[in-house]
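A.B. asks: The structure is given below, and queries will be raised subsequently.
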Amino acid sequence: MQNRFPLWKNLLILIIFMFGIVYALPNLYGDDPSVQVSSTRDTQVAQQQADQVESAIKAAGFDIKSIEFKDGRVLVRFNNTDDQLQAADLLRDKLGSDYTVALNLAPATPDWLQALGADAMYLGLDLRGGVHFLLEVDMDAAVKQAEERYTEDVRLALRGAKIHYQSVSKDKGYIKVKLKSTDEKEALLTLLNKDFRSLDLTEPNAQDEVWLKIAEIEIREIKKFAVAQNMTTLRNRVNELGVAEPVIQQQGENRIVVQLPGVQDTARAKEILGTTATLEYRLVDVEHDVQKAVKGMVPVGSRLYYDKNGNPILLDRRIIVTGDQIVDASSGLDQDGQPSVSITLNGVGAAKMGKVTQANIGRPMAVVFIEYKSETRMVNGQKVVRKEKTEQVISVATIRDAFSKRFQTTGLDSPQEARNLALLLRAGALAAPVDIVEERTVGPSLGQDNIDKGMMSVMVGFVLVLVFMALYYRLFGMVANIALAFNVVILVAILSMLQATLTLPGIAGIVLTVGMSVDANVLIFERIREEIRNGNTPQSSIFLGYEKAFSTIFDSNLTTLLTAVMLFVFGTGSVKGFAVTLSIGILTSMFTATVGSRMIINWIYGNRRVEKLSI
Amino acid sequence: MLKQNIDFLGRRKIALIVSCILLVVSIASLAVRGLQLGIDFTGGTLVEVGYPQSADLAAVRGALNEAGFGDATVQHYGTTKDVLIRLKPQEGISNEELSVKVLEAVNKNTAEPAQLRRVEFVGPQVGDELAQDGGLALLFSMIGILIYVAWRFEYKFALGSVAALVHDVIITLGFFSVLGLEFDSTVLAAILALIGYSLNDTIVVFDRIRENFRKFRKGTPEEIMNASLNETLSRTILTSFTVVLVLLALVFLGGAIIHNFSIALLFGVFVGTYSSVFVASALALTWGVNAEDLMIPVKEGADIDHLP
């Protein structure tokens, strides 16, 4: 008999619907205003600190919803934002600078849903408020810096090899070496081929000259490194800012997106992102007593520093190399499989490092990390800009051997520590300058407005369509409405599973999908009416209606999908969000409008004698 | 249900004149007035502030003038409590400080400080790329459609549908130009969505034309196409109506940020519906679509009832 689905098909559709409901469900629970405590250093928050947080909050008499300790972070949920803000201030005072206290909107998804991997959609900045920056790394400057480094390196190498040159100069992307006499050209070429493989050689007509150009591959590396380095630096800064779920991503070849949800004070955010850092390698002063120095008797040639655990350490006043002489730092494993950090210096740094290490084998050497922050504070109604310099010893290692250009720091406790050290070294190295090329800030009140308005228009648009369909197509219209509702549920479920970011244009995409997904059912129902007019029986009219409308639905939706995909490929930011909801909406609506509505129609009319259809 | 029989294609000359007038007006307006491009395209800074009461625009302007932002445009946004301040890309002052300075200037003389609702800064280089990417998206969508429709249907249909899309895009752009509505990245998205919608409509009509060409061996192409348009008319009206319903909800309730987006789509639905009948189909007919173009070469008699 026609108009019946086999059991497996019914079951499959129902299972998909059930999945849709479960995965869409988290979005109904909303968010809890909460405070997140994490460590600013590599150590995780320990149980002890978690207890401290809990007791501090309880002592202050805050009414909390729950407190969780997970993945080395503490998350405290509150009933309202007032409590949240006050508690955050309290915790900031109590915990000090080693911990980041961030305001967060934690999804209030129940545990059983989380266990199934169901999470709510992530709200975009236009809905939750926050700051979005698009930064552009100045690639030309990065390349120029590299050219300068190479020029210096070549000069030093020539001096080292006792090749007499008249000049080594930078000119229009070339490093031009002019020799005193052509006799030494052979030696020069040998040296360049041996030590400067990353430079392309050209020999101009003048016999005493060689022109060098940084190879294409090397330039690509320099650019990649410039972006990576800036991202590392930004990540460090953002951690300091206390943002719960920051996004720092590369976009295109030379841009970095930074999104800071919940941050309202853009001026401060910009200040912190713009902090500069450098570092210094110094010898450790092993001759004098540290404890005496702590008491105030610092030897003349030394300075007192502290490491990250607050232990004092005496260092030589003279600097060996500074951050701008570091070309690269990366973590990895040494020959023995132990975690290590490999560091590359430029020519000037290498020469100095070589000299110092040769004379000091066996002595420890320390790395000092220095940050310059500027902070604007209101003092008596006046804005005061305070420049602050913080210094900290981040690594101490014994010099085992004389080294210069490339060396390794070993004896690190864990790969984690190696990674962190490499990150800090890179952050302190000379970074290519960045510009903010786009900024979008959305205040919290506007975010809430946008959510309210978006939801309102979805609801109203949806209800209008439901009423119209029910009036126009009666029973079939009701079926279409059920299909439409499931379309929205499945669409939301898929967006949640993909952890897509919901933006205002995204909501508009959902609304539009609601309007357009009716189309498939309209096509089918109009066809059924037509078949009835042509004198077909109700049963075969249903069958033919669905059958004949399908190719139309398929063709028309596929072409629409085509444009949605183009929108996604070429669009940016919120336009992409719109394209994602539209694309998925097209696919889900095809499913619910054809298969879903058919199932219900089959239940109602299938397998029995029907005189008249309610259409 | 009443069976309509409207001679759409007989009136294609009138439609041609109407479309030509609309296109000429649009192109002329685009050439003379241009589009009121948003900062997404031009670059610049936009600051939206909210006041507890209705805001006095003159006072805000005065305060900005005093602070040296003479070229700022100030207007209400959505409600009278919200004020939108736009600044052209500034020379000499760093973008980082601009929004802070603007807020400071605005709040200097008011008793109740305005609340910062939104800041957007777009560098000029980003704006250029957006326009370029938008243009590319349009171009590639059109090419994709051309290929797909030519493959599934016939190349005259493909040309007809793409011509209809170009028609829709130009007239919608013209609409924005004539009314001086702001054209930002959301409107660009709306225009691309509109292409999808208009095409959807066109394909539905084409699909029926193809089916009828295969079914009826008699009748001129014009008669068959007219019959097809009439058969799909109720669907065309119904679907457009439901889309208009939700768009009205977006226009009136969606808030100021997506207002122009919704307006673009709303206008586009009307143009898109019109164009699938009077531009896409009419052009395909003018270029001489006939039954042979749409016959399935091998499977003769595929239209025979395939009921069990």
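A.B. asks: Could you tell me what percent of the accessible area of chain B is made up of carbon and sulfur, with a 1.4 Å probe and every protein chain present?
C.D. replies: Solvent-exposed carbon and sulfur of chain B make up 63 percent of the total.
A.B. asks: Let me ask something additional. The stretch B:170-207: which residues show an accessible-area loss of 20 Å² or more, assembly versus chain alone, 1.4 Å probe?
C.D. replies: B:Ser185, B:Thr186, B:Ala189, B:Leu192, B:Ala193, B:Gly196, B:Tyr197, B:Leu199, B:Asn200, B:Ile203, B:Val204, B:Asp207
A.B. asks: At a probe radius of 1.4 Å, figure out the A/B buried accessible area, summed over both chains, and give it in Å² to the nearest 100.
C.D. replies: 6000
A.B. asks: For the Cα atoms of chain A, what angle does the longest principal axis make with the long axis of helix A:185-195, in degrees from 0 to 90, nearest 10?
C.D. replies: The two axes meet at around 50 degrees.
A.B. asks: Order B:Tyr155, B:Tyr197, most accessible first, counting only protein heavy atoms with a 1.4 angstrom probe.
C.D. replies: B:Tyr155, B:Tyr197
A.B. asks: Something else now. Show me the helices of chain B, taken as full DSSP H stretches, that run 20 Å or more along their long axis by Cα and average 1.0 or above in Kyte-Doolittle hydropathy.
C.D. replies: Qualifying helices, which must be both long enough and hydrophobic enough, are B:12-32, B:155-179, B:221-253, B:259-275.
A.B. asks: Before anything else, pin down the relative contact order of chain A: Cα pairs under 8 Å, at least 6 apart, normalised by residue count, whole percent. Spell out each step's value before the answer.
C.D. replies: Values: 1087 pairs, mean separation 103.7, N = 615.
Taking the mean separation of contacting Cα pairs over the length of chain A, I get 17 percent.
A.B. asks: Can you compute the helix-only [θ] at 222 nm over chain B? Use -39500 (n - 2.57) per DSSP H run of at least 4 residues, normalise by all residues, nearest 500 deg cm²/dmol. Don't skip to the end; give the middle numbers.
C.D. replies: Values: 10 runs with 188 residues, N = 308.
After summing the helix terms and dividing by residue count, I get -21000 deg cm²/dmol.
A.B. asks: Roughly how many Å² of A:Glu216 are accessible to a 1.4 Å probe, to the nearest 10?
C.D. replies: Result for A:Glu216: roughly 120 Å² accessible.
A.B. asks: Continuing with this model, one more query. Which of the GluC sites (Glu not before Pro) found in the stretch B:1-91 are in a DSSP loop and have at most 12 neighbouring Cβ atoms, other than their own, within 10 Å? Walk me through the numbers before you get to the answer.
C.D. replies: Values: sites: B:Glu48, B:Glu66, B:Glu91; in loops: B:Glu91.
Filter output for the stretch B:1-91: B:Glu91.
A.B. asks: Nearest 0.05, what FRET efficiency do A:Glu148 and A:Leu189 give at R0 = 25 Å with Cβ-Cβ as r?
C.D. replies: With R0 = 25 Å, the Cβ-Cβ based efficiency is 0.65.
A.B. asks: Using only Cα atoms, find the angle between the long axis of helix A:47-59 and the longest principal axis of chain A, and express it within 0 to 90 degrees, rounded to the nearest 10.
C.D. replies: 60
A.B. asks: Tabulate in residue order the Karplus-calculated ³J(HN,Hα) for the stretch A:196-202, using 6.51 cos²θ - 1.76 cosθ + 1.60 with θ = phi - 60°, rounded to whole Hz; enter x for Gly and Pro.
C.D. replies: 10, 5, 7, 10, 8, 9, 10
A.B. asks: Just checking the output field for B:42-49: average partner chain Cβ neighbours within 10 Å of each residue's Cβ?
C.D. replies: Mean partner shielding for this stretch: 1.
A.B. asks: Here is a follow-up. Counting other C-beta atoms within 10 Å, and keeping those with at most 12, which DSSP coil trypsin sites (Lys or Arg not before Pro) do you find in the stretch A:525-615?
C.D. replies: Working: sites: A:Arg527, A:Arg529, A:Arg533, A:Lys548, A:Lys576, A:Arg598, A:Arg608, A:Arg609, A:Lys612; in loops: A:Arg608, A:Arg609, A:Lys612.
For trypsin sites (Lys or Arg not before Pro) across the stretch A:525-615 that sit outside H, G, I, E and B with at most 12 neighbouring Cβ atoms in 10 Å, the list reads A:Arg608, A:Arg609, A:Lys612.
A.B. asks: May I pose another question? Strictly greater than 31 Å: what percent of every Cα pair in chain B meets that? Let's see the in-between values first.
C.D. replies: Values: 21025 of 47278 pairs.
Every Cα pair in chain B considered, those over 31 Å come to 44 percent.
A.B. asks: For B:Arg217, B:Arg86, A:Arg92, give the ranking by accessible area with the largest first, probe 1.4 Å.
C.D. replies: B:Arg217, A:Arg92, B:Arg86
A.B. asks: Would you mind telling me the share, in percent, of accessible area of chain A contributed by carbon and sulfur at probe 1.4 angstrom?
C.D. replies: Working: 15570 of 28720 Å².
About 54 percent, which is the carbon plus sulfur part of the accessible surface.
A.B. asks: Now for a different question. In µm²/s, what is D for chain A at 25 °C and 0.890 mPa s, where D = kT/(6 pi eta Rh) by Stokes-Einstein and Rh is the Kirkwood radius from Cα pairs?
C.D. replies: Using the Kirkwood radius from Cα pairs, D works out to 83 µm²/s.
A.B. asks: Which residues' amide hydrogens lie under 5 Å from the amide hydrogen of A:Ala106, considering only partners 5 or more residues apart or on another chain, with H built in the peptide plane?
C.D. replies: Close amide H contacts, sequence-distant or interchain: A:Asp32, A:Ser34.
A.B. asks: Go through B:His76, A:His164, A:His132 and list them by solvent-accessible area, largest first, probe radius 1.4 Å.
C.D. replies: A:His164, B:His76, A:His132
A.B. asks: While we're looking at this one, here's another question. Per residue, how much accessible surface does the protein assembly as shown expose to a 1.4 Å probe? Answer in Å², no decimals.
C.D. replies: Normalised by residue count, the accessible surface of the protein assembly as shown is 46 Å².
A.B. asks: Top mean-square fluctuation among B:Ile39, B:Ile17, B:Ile224, Gaussian network model of chain B, C-alpha springs under 10 Å?
C.D. replies: In the Gaussian network model the winner is B:Ile17.
A.B. asks: Relative to the Cα centre, what is the charge dipole magnitude of the protein assembly as shown, using +1 at the beta carbon of each Lys and Arg, -1 at the beta carbon of each Asp and Glu, and rounding to the nearest 20 debye?
C.D. replies: About 900 debye.
A.B. asks: Please compute the modelled spin-label separation between B:Leu23 and A:Ala115, points set 7 Å along Cα→Cβ, answer in nm with one decimal.
C.D. replies: If labels sit at A:Ala115 and B:Leu23, their model points lie 6.5 nm apart.
A.B. asks: Taking accessible area as the heavy-atom solvent-accessible surface of the protein chains with a 1.4 Å probe, which residues of the stretch A:508-527 lose no less than 30 Å² upon going from the isolated chain to the full protein assembly?
C.D. replies: Listed by number, the residues meeting the 30 Å² cut-off are A:Ala508, A:Val511, A:Leu512, A:Gly515, A:Met516, A:Asp519, A:Val522, A:Leu523, A:Glu526, A:Arg527.
The values are calculated or read from the model by the stated rules, or taken from the named source; none is laboratory data. Small disclaimer: the values here were computed from a predicted structure and weren't measured. As a convention, Cβ positions derive from the backbone with ideal geometry for all residues, glycine included, and neighbour counts pool all protein chains shown. Just so you know, the surface numbers come from the protein's heavy atoms only, side chains and all, with ligands and any DNA or RNA stripped out. Shrake-Rupley method; radii C 1.70, N 1.55, O 1.52, S 1.80 Å.
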